[in-house]
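Laboratory data are not the source of any read-out in this text; all were calculated from the coordinates shown. Model, not experiment: these values are computed from the prediction. Counting neighbours? That spans all protein chains shown, and the Cβs are built from the backbone with ideal geometry, glycine included.
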Amino acid sequence: MTFTANYSERIDFLRQAIREADHIIIGAGSGLSTAAGIDYGGEEFRCEFAPWIERYGFTDLYTSSFYPFETQEEYWAYWAKHIWFSRYRTGATGLYKILLRRFPEAFVVTTNVDGQFELAGFATERIFATQGDYRWFQPASGTPKILIDNHEWVMRVLPLIEDCRIPTEMIPTMPDGSPAAMNLRVDDTFVEDFRWHQQARRYTDFVQKASQGNLLLLEFGIGYNTPGIIRLPFEQMAQSFPHTTLVRFNRDNPEPYIEGLSRFAAFTGDIATSINIL
């Protein structure tokens, strides 16, 4: 399959790859959630974060997450809203449900932290979320290597937010009383707990097994923000494993970094449209 093949030829190529696949790995980045309708800078953001927009001048959820709040009460009021908005508000979106119906046995590796694959119903033992999950708190220091679920805290604290602050006594801590932080990979304090390492092993084992048969790599919405986690390893697998096909869905930069991939196709249009055609 040539990179410049027409749309119909690429769809036929993808359909054949699906039919022939013994194993499927889904690799997903932020572009997939964007395609699913999760808009971190649109009207829903402007509505839900109106007090923060007025007070701090926020324009979108991503850049606002780096804001240097002066107090812990302000910081955790914002993050309570952020976690709820990104993880607990929407439930599973339609596109993720479509992927589950179409590829229920796929193994998922993702840099997304919104939990959409889990919410859609993918088996948790087949999801490797490399960069963390909004669902978890970790020790701010990075040790010990434990995580705690934050859902109950979020739901308790949301009604208590006033003037973009929470009561001091609601600032979250770990079970030992030490400061809590989000389990998101932003620096070297990121906690890779036993679950993270367990899923990393499962993913490695799945790749090793799948490399012996017909392997289909479906890559959704991954650009060059963190290409070394999924995008480039997928290309390396497509180059090295004898019966491996890589299909990339990416609006921007769909071309492969590695030249001469013989079983590669790319789609730059709407992801849902392409998947629904199959």
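If a spin label sat at a point 7 angstrom from the Cα of GLN212 along the line to its beta carbon, no backbone N atom of segment 226-246 would be nearer than 11 Å.
Taking a sphere under 9 Å around the Cβ of GLU48 and counting the other residues whose Cβ falls inside, with K and R at +1 and D and E at -1, yields a net charge of +2. Normalised by the number of residues in the chain, the average gap of Cα pairs under 8 Å and 6 or more apart makes the relative contact order 26 percent.
Sparse packing (at most 13 other Cβ atoms within 10 Å of the Cβ) combined with a DSSP loop state is found for the following GluC sites (Glu not before Pro) in segment 51-90: GLU70.
On alpha-carbon atoms, Rg over Rh for segment 48-186 using Kirkwood Rh?
0.99
DSSP bridge analysis restricted to the chain gives an antiparallel fraction near 25%, rounded to the nearest 5.
Dividing the helix sum by the residues of the chain, where each DSSP H run of 4 or more adds -39500 (n - 2.57), gives a mean residue ellipticity at 222 nm of -10500 deg cm²/dmol. Axis angle, to the nearest 10 degrees, between helix 231-240 and the longest C-alpha principal axis of the chain: 30 degrees.
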